[in-house]
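Since the structure comes first, as structure tokens, the remarks are kept for the end.
The values are calculated or read from the model by the stated rules, or taken from the named source; none is laboratory data. Quick caveat: nothing in here was measured; it's all calculated off a predicted structure. Heads up, the Cβs are rebuilt from the backbone with ideal geometry, glycines too, and the neighbour counts pull from every protein chain shown. To get the accessible areas, we keep the full protein, side chains included, count just its heavy atoms, and leave off ligands, DNA and RNA. Shrake-Rupley method; radii C 1.70, N 1.55, O 1.52, S 1.80 Å.
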Amino acid sequence: TDFNAAATQLARKGLWATAVLHWQNAAAKAPHQVVYQESLGRAYARLGFFERSLDVLQSAQRQTGSPERQAAIQQLIQAVQAKIKMTTQHTEQK
């Protein structure tokens, strides 16, 4: 939980890359805590690592048994997929 708390504070300050490191540690030490993976997936997306974000979020979605949590993660996945699509379209237009 120390890693998660530190990551949350870093993210609030806009230090997303450093926050990712802390969420990686939190997820590694408590792999069944879906909330750490969800936060890590959000952070990857914030940094523009959309494919990595999808991997983490899809894994988190598979691990949770809560329909509400699955639905929330699915919304995040859809948002990341939309960003990928926008980025791909923007790149193709250049």
If r is the Cβ-Cβ distance from Gln33 to Thr88 and R0 is 30 Å, what FRET efficiency results, to the nearest 0.05? 0.40
Hey, what number do you get for the chain at 222 nm if only DSSP H runs of n ≥ 4 count, each worth -39500 (n - 2.57), divided across all residues, to the nearest 500? -28000 deg cm²/dmol
Students sometimes get this wrong: rank Asp2, Asp55 by accessible area, probe 1.4 Å, all chains present, largest first. Asp2, Asp55
Quote to one decimal, in nm, the extra length available between Arg69 and Leu15 on full extension: 0.36 nm per residue of separation minus the C-alpha distance between them. 16.8 nm
Alpha-carbon centroid distance for the pair the range 1-17 / the range 62-94, whole angstrom: 22 Å
For a test of the definition: using alpha carbon positions, the gyration tensor, and the 1.5 limit on a/c, classify the range 1-80 as rounded, prolate or oblate. oblate
To test your reading of the geometry: what angle, between 0 and 90 degrees and rounded to tens, separates the Cα axis of helix 2-12 from the longest principal axis of the chain? 40 degrees
First compute the accessible area of the range 15-94 with a 1.4 Å probe, then give the percent of it belonging to carbon and sulfur atoms. 53 percent
Given a cut-off of under 8 Å on Cα pairs at least six residues apart, what relative contact order in percent is computed for the chain? 19 percent
Do any trypsin sites (Lys or Arg not before Pro) in the range 7-85 lie in a DSSP loop with no more than 15 other beta carbon atoms within 10 Å, and if so, which? Lys13
HN-Hα J couplings of the range 75-90 from phi, Karplus 6.51/-1.76/1.60, θ = phi - 60°, integer Hz, Gly and Pro as x? 4, 5, 4, 5, 5, 5, 4, 5, 5, 4, 4, 5, 5, 5, 5, 5
With charges set only on the Cβ (+1 for Lys and Arg, -1 for Asp and Glu), what does the dipole of the chain come to about its Cα centre, in debye to the nearest 20? 200 debye
Quick one: angle between helix 50-63 and the longest Cα principal axis of the chain, in degrees between 0 and 90, rounded to 10, please. 50 degrees
